[in-house]
Amino acid sequence: MKDTPASRPWWGARIYRFYRDGFREMTVGRTLWKIIFIKVFILFAVLKFFFFPDFLATKFSTDTQRADYVIEQLTQAAQGSTQPVKGE
Amino acid sequence: MIENLDLGMVNWARAQFALTAMYHWLFVPLTLGITWIIAFFHTIYVKTGSEEWKRLTKFWMKLFGINFAIGVATGIIMEFEFGTNWSNYSWMVGDIFGAPLAIEGIFAFFLEATFFAVMFFGWNRVSKGFHLFSTWMVAVGSNLSAVWILVANAWMQYPVGQAFNPDTARFEMQNFAEVAFSPYAVNKFTHATSSSMLMAAFFIISISSWYLLRGRHILMAKRSIVVAACVGLLASVFTIFNGDESAYEVAQVQPMKLAAFEGLYEGQKNAGLVALGWINPEKKVYDTQEPFIGFNLHIPGLLSLMANRSFGSFVPGMKDLVYGNAEHNILGAVQKMERGKKAVVSLDAYKQAKKAGDSAAADVHLAAFNTNKEFLGYGYLGKPEEAVPPVAMSFNAFHVMVILGSLFPLIFFGYLYFSYKGSLLEKKWLLGLGTITYILGMIASQAGWIVAEVGRQPWSIQDLLPVTVARTNLTAGTVQTTFFMFLGLFTLLLIAEICIMVKQVNIGPEEN
C-alpha cells in the first residue's frame, strides 16, 4: 500500500523500519552477523586489550617523551645494526 | 637498544605482518572487483526488467556479502601490529599516514557503509533507480577505501612530499598532492584494482563453470560467464600494461628491487628479461657462483626496455648497487652507508647540542644532517650486502605472477570465444580449468604482494628506515604467541568462510 504524503511516517521512522525489516528477512546474514560480532569481540576485547598495547602510548605519557625515545632509538641503533639472517 | 635487539623478534614480527596482510588480501580483491561486476549485473536487470538477471544479481550479491563479512576488520589487525611490534615506524610515519587514513575513514567508509544496507535490503523497498545507484556507490566506496591504504604503501616505497623533523622524530607531510598522486601510488592503485577485477571475474567463472559441469543453473552460469569474461579480459590486459608501468617505476626508484626480481647481479646494457630459468638460491652478491642453475633463457633487451624505455640502455645489477659503478655514475650501498652514518652522527650531535642549549652548534649539526639525510637508513646497515633483498623469493614470486598474468587474458578470451560460438558446454577441458582459475588468480595476486614487499627489504621506508630500526624492542616470544593465535583465528575464519560459501553455492540462486 502506498502512503499518501499526509500519512507517510517521519523519515527517521522509515529508515528504522527499512533496517528492521531488512535484518528480519536475513537468512545467511544472521550467521554472518554472529561471526562478525564474535570476531570483533576477539579482536578488540581480547587481542587488542591483552596482547597488542600501543607500546609508545602505554610507556610514555607525552609526545615529547615519545619523540625523545624514538630519537634515542635512531641515534643508538646505528652502533652495530645487522639484518636478520636465515634461521634466526 | 640495538645491542639488546632480538633479531628473532624482527623476523617473527615480519612473519606475523606477512600472515595478516596475506590473509586480509584473501578477501580484499574479491570485494574490490566483484562490486563492479555486480553493478553491471544490476544495471542489466534494471535495463531489461528480467527476473533472471535479478536472481543472478542477488546470488552474486549474497556471495559478496559472505566474503565481505568474513573479511571485515581483518585489516585492523595490522594497525594493532604497527603500535605494538613496529612502534618506532608507527611514530615516525604518523603525520604522513594520518591524513590519508583519516580521509579513508571519513569519506570512503561512510559512503560504503551507507549504501551497503540499501544494496542488500533495498529490493522492492526503494526505487529501482536509487537501488542501482546504491550498488554502484558500494563499488565506488570499496575502491576508494583501497586508494588511501595503497597511497600509504606507495609512500613507503617512494617517500615523496615529506621532510624529516629531527625534533619530533617524524616524517612530516610537506605536499599532500605529491604523496597522493605520486606515480608510484597511481600505478599501485590501478594495478591493485584492475587485478582485483580480474580476480572477481575468475571467482564468477570458477563457480559458473562448476555449475555448467554439473548441468545446474545453466542460463545463469552462461550469462554470468559472458559478463565476467568481458570484464576479466579488459582488466587482465590493463593489468599487464599497468604492471609494465609499475616495473618502470620500480626501476626508477627501487633499482635494487628490479635487479632482485630479475636475478640481475651484473649490470648490463641491452639487458634481457628472464623467460626461463631457475635462480640459484645460494648465490651471494659478492661471490662468483652462477646466478642460474642449469639452462636459462633471456629475451634480449626487454629488461632494458622495461626499466628505461630503451632497448640498449644500462640496467644496474645488484653488484653495481651494492659496490657502486663509477662508469655509470651509480652510487653503491658502500658510499651511501658512509653518508648515512654521517647523518646518524649529525642527528645525535644535534640532539646533544639542543639538550645543552647550544643553538649555534645545533644549527651546524642540523645542516650536516640535512646534507646526508636522504641516505639516513643506510647508516643502520652493518654491511653493504644487507641492502640486497631475498633474491630467490623475489625472483620466483615475480615470475609466477608474470607467467600467470600472461595466461589470464587467454583464458578469458577462450571463454568469450566459445560462448560466442555456442560450444562452451562441450569444452569440458576449459570448464575444468575454469573451476580453478580463482585459485590461480589468488596465487598471482599474493605473489604480486610478495614481490612488492619482500623485494623492498631491508627497508620499511625506502632508503630511510630499515625494518631493524622500525621495530619495537620486544622479545621474540611475545610476537610468537600472537603469531600462533592469529594463525588459529585466521584458520577458523577461513574454514567458516569456505563452509558458508560452499553451502550457498550448493544451494544456488533463489528460485523465482
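Here, each number is a calculation from the coordinates, and none is a lab measurement. Keep in mind the model is a prediction, meaning the values are calculated, not measured. Quick reminder, even Gly has a Cβ in these numbers, built from the backbone with ideal geometry, and neighbours come from all protein chains shown.
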Worksheet entry | Mean projected area (nm²) of the alpha-carbon convex hull when segment B:454-507 is viewed from all directions | 5.8 nm²
Worksheet item: Could you give the angle, 0 to 90 degrees to the nearest 10, between helix B:7-48's Cα long axis and the longest principal axis of the Cα atoms of chain B?
Response: 30 degrees
Worksheet, complete the sentence: Taking segment B:255-372, the equivalent ellipsoid from its C-alpha gyration tensor has semi-axes in Å, biggest first, of 41, 16, 10
Worksheet item: Do the sum for chain B: with -39,500 (n - 2.57) for every DSSP H run of n ≥ 4, divided by all residues, what is the mean residue ellipticity at 222 nm, to the nearest 500 deg cm²/dmol?
Response: -24000 deg cm²/dmol
Item to complete: On a 0 to 90° scale, report how tilted helix B:333-356 is relative to the longest principal axis of chain B, with both axes built from alpha carbons and the result rounded to the nearest 10.
Response: 70 degrees
Discussion item. What Kirkwood Rh does segment B:295-440 have if only Cα atoms enter the pairwise 1/r average? Answer in Å.
Written reply: 20.4 Å
Practice prompt. State, as an integer percentage, the relative contact order of segment B:1-157 based on alpha-carbon contacts under 8 Å between residues 6 or more apart.
Written response: 29 percent
Worksheet item: Can you list, bin by bin at 20 Å, the percent of alpha carbon pairs in the protein assembly as shown, starting at 0?
Response: 18, 48, 28, 5, 0
Practice prompt. Would you kindly calculate the mean projected area, averaged across all directions, of the convex hull enclosing the Cα atoms of chain B, in square nanometres?
Written response: 26.6 nm²
Worksheet entry | Rounded D (µm²/s) - segment B:171-281, Kirkwood Rh over Cα pairs, Stokes-Einstein at 4 °C, 1.567 mPa s | 75 µm²/s
Worksheet item: Using the alpha-carbon atoms, what tilt in degrees (0 to 90, nearest 10) does helix B:437-454 show relative to the longest principal axis of chain B?
Response: 10 degrees
Worksheet item: Can you list the aspartates and glutamates whose alpha carbon is less than 12 Å from that of B:Lys351, not counting same-chain residues fewer than 8 positions off?
Response: A:Asp68, A:Glu72, B:Asp167, B:Asp363
Discussion item. How large is the convex hull of the C-alpha atoms of segment B:333-384 per residue, in Å³?
Written reply: 52 Å³
Discussion item. P(r) for segment A:11-76, please, calculated from all Cα pair distances in 5 Å bins and given in %.
Written reply: 4, 13, 11, 10, 10, 11, 9, 8, 8, 8, 6, 3, 1
Fill in: Under the Debye formula (equal points on every Cα, no solvent term), log10 I(q)/I(0) of segment B:360-512 at q = 0.09, 0.12, 0.20, 0.21 Å⁻¹
-0.59, -0.86, -1.30, -1.32
Discussion item. Averaged over its residues, how many other protein chain Cβ atoms are within 10 Å of peptide A:35-44's Cβ atoms?
Written reply: 4
Response to the item:
The Rg/Rh figure for segment B:48-151, Cα atoms and Kirkwood Rh, to two decimals is 1.11
Practice prompt. Enumerate the residues in segment A:44-69 having an amide nitrogen under 11 Å from the point lying 7 Å beyond the Cα of A:Gln76 toward its Cβ.
Written response: A:69
Worksheet item: Can you run phi through the Karplus equation (6.51, -1.76, 1.60; θ = phi - 60°) for segment B:493-506 and list ³J(HN,Hα) in whole Hz, with x for Gly and Pro?
Response: 5, 5, 4, 4, 4, 4, 4, 5, 5, 4, 4, 5, 5, 4
Worksheet item: Per residue, how much space in cubic angstrom lies within the convex hull of the C-alpha atoms of segment B:260-323?
Response: 75 Å³
Item to complete: Kindly state, as a whole number, the per residue volume in cubic angstrom of the convex hull around the alpha carbon atoms of segment B:202-243.
Response: 49 Å³
Practice prompt. Kindly write out, for segment B:250-255 in residue order, the coupling ³J(HN,Hα) from the Karplus curve 6.51 cos²θ - 1.76 cosθ + 1.60 (θ = phi - 60°), rounded to whole Hz, with x marking Gly and Pro.
Written response: 4, 4, 6, 10, 9, x
Practice prompt. Using Cα pairs closer than 8 Å and at least 6 residues apart in sequence, work out the relative contact order for chain B, in percent.
Written response: 20 percent
Worksheet item: Per-residue mean of other chain beta-carbon atoms within 10 angstrom of the beta-carbon, peptide B:500-507?
Response: 1
